[in-house]
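Worksheet: the structure to be examined is printed underneath.
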Amino acid sequence: MVNIPRVNRIVKNPLFMELSLKNAQAEQKRKFCSHGFDHGLAVARIAYIFLMEEKNTSLSKEVIYAAAVLHDLGRWREYETGEDHAIVGAELAQPILEETGFTPEETEIIRIAIREHRCDPNAQLSVLGKALAYADDWARDCQSCKSQGECYKYSCEMDEIVS
Ligand SMILES: [Fe+2]
Ligand SMILES: [Fe+2]
């Protein structure tokens, strides 16, 4: 198992904890999927497996996991102001990545991927952005969701996803 100390530092980072709590509070009554740490971790694991299967070794496990656990951190702001949480999240991630020891180059790769995570994965995206975009969908168990009929994200293909 690869050691990922900087990701463990993100999880304990005061700003990360504060904003995660804001997300949890904003989603208390949400009937669709929520965006807590369990979702970030699921996206991390799936994105990592995806990149391993693609034989893409240009990104470290820490960079992949950091992007995934941070990707929805701006959700609460979208509920408050309507801003795109992908754009907001990339901004919010900056000080957290600096405080937890990521280099400026790694930080830029992660911030681009967070900005891209809502895009069509078939579009022209960065390697990590594409992995996050796929993993974000594959991390959801739409098949057994009670809100499936009302969900904007749901499509028949989501029933086929078992990876
Ligand atoms: Fe998102
Ligand atoms: Fe997500």
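A short reminder: the numbers here are calculations on the coordinates, not readings from a lab. In this text, all values refer to a predicted model and were calculated from it rather than measured experimentally. Cβ placement follows ideal geometry from the backbone for every residue including glycine, while neighbour counts extend to all protein chains displayed.
Quick notes on this one:
- Sequence-separation-based contact order of the chain, relative, with Cα cut under 8 Å and 6+ spacing, percent: 23
- Point-to-point label distance, residue 141-residue 53, nm (Cα→Cβ direction, 7 Å offset): 1.9
- Note that region 83-95 has calculated 3J(HN,Hα) couplings of 5, 5, 5, 5, 6, 4, x, 5, 5, 5, 5, 3, x Hz, one per residue in order, obtained from phi through the Karplus relation 6.51 cos²θ - 1.76 cosθ + 1.60 (θ = phi - 60°); glycine and proline are x.
- The trypsin sites (Lys or Arg not before Pro) of region 13-98 that DSSP puts in a loop, and whose beta carbon has at most 13 other beta carbons within 10 Å, are 29, 30, 31, 55.
- Relative compactness, region 5-160, computed as alpha-carbon Rg over 2.2 N^0.38 Å: 0.99
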